[in-house]
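Here's the structure, in structure tokens; my notes come after.
The values are calculated or read from the model by the stated rules, or taken from the named source; none is laboratory data. For clarity, every value in this text was computed on a predicted model and none was experimentally measured. So basically every Cβ, Gly included, is an ideal-geometry build from the backbone, and we count neighbours across all protein chains shown. Surface areas here come from the heavy atoms of the whole protein model, side chains and all, with no ligands, DNA or RNA. Shrake-Rupley method; radii C 1.70, N 1.55, O 1.52, S 1.80 Å.
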Amino acid sequence: MENILDYDFNGLKSKLESEGLESYRAIQIFDWIYQKHIISFAAMTNISKQLRESLSLKFSIDLPELVKKSKSLDGTVKFLWKYKDGNTVESVILRYPDRISGCISSQVGCPLNCAFCATGMSGYIRNLTSGEIIGQILGMEIEENEKINNIVFMGMGEPMLNYDEVMRAIRVITDPKAFKISQRRVSVSTAGIVDGIIKMANEPLDLVLSISLHAPTDEKRSSIMPINKKYNLKSLIESVKTYQRIKNRRVTFEYILFDHFNDTIEDAKNLVKLLEDIKCNVNLIRYNDTGSGFLKSTDQRASEFEKFLKENGIEAVIRAEKGADIDAACGQLRRRTL
Ligand code: SAH
């Protein structure tokens, strides 16, 4: 049976039509599932009993099973979900004064093997379907009885390596008939898959592009992010400029500060040079230790790095850490079989 969450609105409309059903039913079904959080056809009372029965013979509404929920003192909540095949992923709710953000996973594990990231250390299993991605958001909203209004693809996996399913999920996330989240409140974070960045530049969607940069030279970047050997900094920066030219939006760069590896003033200078001509925000991330051998920059070195960037015209902030007490912070998500 097909998971109805795997359909975006147009997909469901055509599917219903091909089954000889009225396509406007898609509006009702989307309303029940995504706005009312009703996850059983039987309870969709404005649809005839007969039709409800035939829908439930054709489709399932598959939410992942909640295996574990951990709450941080700062309000962050981490969820461990299990899919039908037994694979698990994590997602996180982060609370800010102006938004409730869902940090979601796009793959089970990740093939990119960044030296510092816990997800990569657990290997790569498979891509998630769009319904499995969306199931994390629905599951979190239902569990917390709360509306999420910001989404970041910063959980497990490399979203650009699961491009079509991620874009289908984003169509549902931003659909006014479904999750109704503004396109500007959806960030896609990538380790630098240039082909994906160019494709996303040509989508009819106004999403936030976030690049996990983490080093300002090819030599350093390749030593911690193997993907840099395939897509070097020059090609990455070119693709970001293309994105910016088409969308005319600020992009975000993530930069983890590693003590004496990439946090010297020399590194800051190289970074300023690399990012000249790009309208961007740089998020300086504190390293969460994953046993990689790197050390976290001291507060002082981090502030000096930030100050140098700012003095040289770059909008930079040291990102507040959230959820570290429950291993929900950046880079700490991993598959855990219980
Ligand atoms: N694969 C995508 C999506 C993951 S986003 C990407 O790389 O962008 C998660 C962010 O946390 C990325 O910027 C990642 O590089 C960063 N990260 C990974 N491990 C980390 C760690 N141990 N400490 C801090 N940030 C980390």
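Mean-square fluctuations from a GNM of the chain, with a 10 angstrom spring cutoff on Cα atoms, peak among ALA316, ALA115, ALA42 at ALA42.
Computed from the C-beta positions of ASN145 and VAL317, the FRET efficiency with R₀ = 41 Å rounds to 0.85.
So which of LYS71/LYS220; LYS68/LYS247; LYS247/LYS269 end up more than 31 Å apart, counting from Cα to Cα? Over 31 Å apart, Cα to Cα: LYS71/LYS220; LYS68/LYS247. When a 1.4 Å probe is rolled over the protein heavy atoms, the share of accessible surface on the chain that falls to carbon and sulfur comes to 50 percent. Accessible surface area normalised per residue over segment 65-326 is 41 Å², counting heavy atoms of protein chains with a 1.4 Å rolling probe.
To the nearest ten degrees, helix 299-311 and the longest principal axis of the Cα atoms of the chain are 90 degrees apart.
The value of relative contact order for the chain, using C-alpha pairs under 8 Å at least six residues apart, is 16 percent. Spin-label model, GLU19/GLU276: points 7 Å from Cα along the beta carbon direction are separated by 5.9 nm.
Convex hull volume of the Cα atoms of segment 65-326, normalised per residue: 125 Å³.
Which distance in Å, rounded to a whole number, links the C-alpha centroids of segment 151-208 and segment 282-338? For segment 151-208 versus segment 282-338, the Cα centre distance is 23 Å.
Of the peptides 204-214, 262-272, the ranking by mean beta-carbon count within 10 Å, highest at the top, reads 204-214, 262-272.
I need the semi-axes of the equivalent ellipsoid of segment 95-152: take the C-alpha gyration tensor, multiply each eigenvalue by 5, square-root it, list largest first in whole angstrom. Present the calculation step by step, with values, prior to reporting the outcome.
Numbers: eigenvalues 128, 44, 13 Å².
Over the Cα atoms of segment 95-152, the semi-axes work out to 25, 15, 8 Å.
Over segment 147-191, the hull volume per residue, using the convex hull of the C-alpha atoms, is 66 Å³.
Between the alpha-carbon centres of segment 79-117 and segment 1-36 there is a gap of 26 Å.
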